[in-house]
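Asker: Below you will find the structure I want to go over with you.
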Amino acid sequence: MGSVVEIRPGRRIWIETGAARSNAPSHAATTVAILVHGSCARSEQYAAQVPELQKMGMATVAFDYLGCGKSDKPDDFTAYAAQQLYQDLVAVFDRYSQGFVRVVLVGHSYGCYLVNKLVAEQPDRVAALILIGAGYPTPGFARMRLIFYLPTVVLALMQPYLTDQFIKLAFHPETFKANPQLIELERGRSMENPPYMFRAFHLQAATLFKDAAEVDSWLRCIRAPVLVTVGDKDLLTPLDGMGKKVASLIKDARIAEVPLAGHQVHEEQPAALNGKILKFLNDVLTAK
């Protein structure tokens, strides 16, 4: 069940909730999973994970960032500041975790930064954390966004090219052969993003943290068990360059690499990824 919700004054975002099953195991029925998508993406990308979490017996909450998917898309540069997006997540967390004993957070790509910051600030309120394609601020992190200083009208003309470049980096080479429908779906989603939105987002994305040391401090504060998952051909957040670094700073982290997948592993290989996620959650939630 989904609707547009004013999560904070003037900020209306699409939120989709799913109820826990009445016959769920006690450890699952008292748990809500909140899923946070990546940069300029949408909650629809978790379509394969939400039903499996609900089958396990959890309630689920997935939402579209402001400017993405079915959420409002104001033409206001400051609306897409990283801290604004983070405060939206905090508001979702505070509202939709009420009444549950446990909260599981799931983040993909840039969404991992948001959930890591939240768990670091509220370490006792999260029972488990799943990071899919977890990013880490490398030296070239900010330079990658220099193109977004171009005027919006120029970016609008470049949008098909930028979309194709992202897709080439985000998907495993085999996905282009095995699942061309997914490639076209992702291309269509990306082309729906207003240029003023993705320009504003990318120019402010790195302002969520001062430097890598601040991200390190978040990761070291995380007390919950964490699953760091990554596709074996993830060119955007590779296991060796980022995934292992993230896991090394977390007290209780385990790594799961998924074959024949890139950065969009949750869409490319949903069955394989879901199996790893459900095993992890069964292990850590039944142990509590």
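The values are calculated or read from the model by the stated rules, or taken from the named source; none is laboratory data. Worth saying up front: this structure is predicted, and the values here are computed from it rather than measured. No Cβ is skipped: glycine too gets one built from the backbone with ideal geometry, and neighbour counts run over all protein chains shown.
Asker: Has the range 132-150 got at least one residue that is buried (at least 22 other Cβ atoms within 10 Å of the Cβ), of a type in the set (Val, Ile, Thr) and under 30 Å from ASP283 (Cα atoms)?
Answerer: Yes - at least one qualifying residue is present in the range 132-150.
Asker: Which of the residues that make up the range 169-215 are among the β-branched types (Val, Ile, Thr) and either touching a Gly at 6+ places or on another chain (Cβ under 9 Å) or under 22 Å from VAL265 (Cβ atoms) (or both)?
Answerer: THR175, ILE183, VAL215
Asker: Also: Do we have GLY140 as at pLDDT below 95, among the small types (Gly, Ala, Ser) and under 16 Å from PHE209 (Cα atoms) here?
Answerer: Answer is yes for this residue.
Asker: Within the range 212-232, can one find any residue that is under 27 Å from LEU150 (Cβ atoms), of a type in the set (Ser, Thr, Tyr) and either touching a residue at least 24 places away in the same chain (Cβ under 8 Å) or assigned to a helix (DSSP H, G or I) (or both)?
Answerer: The answer is no, given that none of the residues of the range 212-232 is under 27 Å from LEU150 (Cβ atoms), of a type in the set (Ser, Thr, Tyr) and either touching a residue at least 24 places away in the same chain (Cβ under 8 Å) or assigned to a helix (DSSP H, G or I) (or both).
Asker: Answer yes if at least one residue in the range 187-200 is surrounded by 14 or more Cβ atoms within 10 Å (Cβ to Cβ), touching a Lys or Arg at 6+ places or on another chain (Cβ under 8 Å) and among the hydroxyl-bearing types (Ser, Thr, Tyr), and no otherwise.
Answerer: no
Asker: Please name all residue pairs, on different chains or six or more residues apart, with Cβ atoms under 7 Å, provided the first residue is in the range 153-172 and is in a helix (DSSP H, G or I) and the second residue is basic (Lys, Arg).
Answerer: LEU155/ARG199; THR163/ARG187; ILE167/ARG187
Asker: Another question about this same structure. Looking only at the range 258-288, count how many residues are in a helix (DSSP H, G or I) and not acidic (Asp, Glu).
Answerer: Total meeting the criteria: 18.
Asker: Let me ask something additional. Could you check THR207 against (1) surrounded by fewer than 17 Cβ atoms within 10 Å (Cβ to Cβ); (2) of a type in the set (Ser, Thr, Tyr); (3) over 27 Å from VAL104 (Cα atoms) and say which number it fails?
Answerer: Single failed check for THR207: (3).
Asker: Can you find a residue in the range 262-270 that is free of Cβ contacts under 8 Å to residues at least 40 places away in the same chain, in contact with a helix residue (DSSP H, G or I) (Cβ under 7 Å, 6 or more places away or on another chain) and more than 30 Å from LEU150 (Cβ to Cβ)?
Answerer: no
Asker: Continuing with the same structure: So if I check each of VAL90, VAL61, which one is closer than 15 Å to LEU105 by Cβ and touching a strand residue (DSSP E or B) at 6+ places or on another chain (Cβ under 6 Å)?
Answerer: VAL61
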